[in-house]
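One structure is given below, encoded as structure tokens.
The values are calculated or read from the model by the stated rules, or taken from the named source; none is laboratory data. This structure is a prediction, so every number in the text was calculated from the model and none was measured. Cβ placement follows ideal geometry from the backbone for every residue including glycine, while neighbour counts extend to all protein chains displayed. Note: areas computed on protein heavy atoms with side chains; ligands, DNA, RNA excluded. Shrake-Rupley method; radii C 1.70, N 1.55, O 1.52, S 1.80 Å.
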Amino acid sequence: MTHAPRLPLTVGLPMAVASGLAIPVQGRINGALGARLGDGIAAAVVSFSTGLIVMVLVSLLAPRGRAGLARILPALRERRFPPYYALAGGIGAFFVFAQSFTVGLLGIALFTVATVTGQTLSGLLVDRLGIGPAGKKSVTGIRVIGCILTIAAVSWAVSPRFAGGVVGASGASGSAAAGSADPTALLLPIILPVLAGFLMSFQQAMNGTATVHYGTPIAATLVNFIAGTCVLWVAWSVKVAVAGPANPLPGEWWYYLGGPMGCVFIGLGALLVRSLGVLVTGLGMIAGQLLGSLGLDLLVPTPGTVVEAATVLGTLLTLASIVVATLPWPRGAFRR
């Protein structure tokens, strides 16, 4: 086990926000790839596979990568942490499944709110249980308030999209479909993204613990991509057997940047949870995700995109909620 110094909040939190900036860019790229291939699962396979290639190269070429690579099997054989932590990448694959199968029904706005709700709630739980390398963190009133503000802020930021709708895979407006469907029929599509978001905090905690024993987030990220890629290749093989293959792969290079961007935020998340805890790391990434989405809409808008005041103000409120969740608070105050 390594004993690298923990990062101070003033360094770690901006890094979490910066890593979250890559998430909407990756989503834009993978969404375009899925549309080009006509197959969301195939796009996920390409994304995970390219990310795996990048992590293999980094692990072989970087000195810290090679050192971490040499520690993976001994750490697993000696059970320095529960062996199922090595399967954390399967949670990322599940998130992609939830995204592929529910965005067309719910719309991107409701999907985002559902995943953020699950992630913030589980961030509190994971920190309270002490699953991650940062140890146990009490569920104080100020942290609960920060979580509630985050969910409200994200809901506000994406509220213009509820009205505008999102075109799903079927060509219908996602929000319109959500509004016109039987509420009971939407129960499973809503539960899936909530569960996917809920499991993301566990993934970060598992990756962070593995990073401590591997000595580097490079090794933890590599293991993540191995597990996620295997799950997605199996799922895609079943899909091909049932429905046939997707369209041919595109020749443009930028379609293949989604995987390397995934390496960035998975690796940084594994590094930061030891210093910040799972909840604050997740809140920082959520803020980065909203900032990145806002930047894309302003700088590289898709057809029909209009940036409204609610989006800007909701993003600013998300940043404020992180400040609230991380403020120093008198010991024992509002403790649950």
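Of note:
- Burial ranking of peptide ranges 138-146, 264-272, 307-315, 279-287 (average Cβ count within 10 Å, highest at the top): 279-287, 264-272, 138-146, 307-315
- Normalised by the number of residues in the stretch 1-103, the mean separation of alpha-carbon contacts (under 8 Å, six or more apart) gives a relative contact order of 18 percent.
- Between Leu60 and Glu308, the simple label model (points 7 Å from Cα in the Cβ direction) yields a spacing of 5.1 nm.
- Note that the stretch 1-52 presents 42 Å² accessible area per residue, ligands and nucleic acids not counted, probe 1.4 Å.
- Taking the C-alpha atoms of the stretch 177-281, convex hull volume expressed per residue in Å³: 164
- Surface share of carbon and sulfur [accessible, 1.4 angstrom probe, percent] for the stretch 1-64: 76
- In this rough spin-label picture, where each label sits 7 Å from Cα along the Cβ direction, the Asp297-Leu125 distance is 3.0 nm.
- Surface share of carbon and sulfur [accessible, 1.4 angstrom probe, percent] for the stretch 183-233: 90
- Rg and Dmax of the stretch 55-141, Cα atoms only, in Å: 17.6, 46
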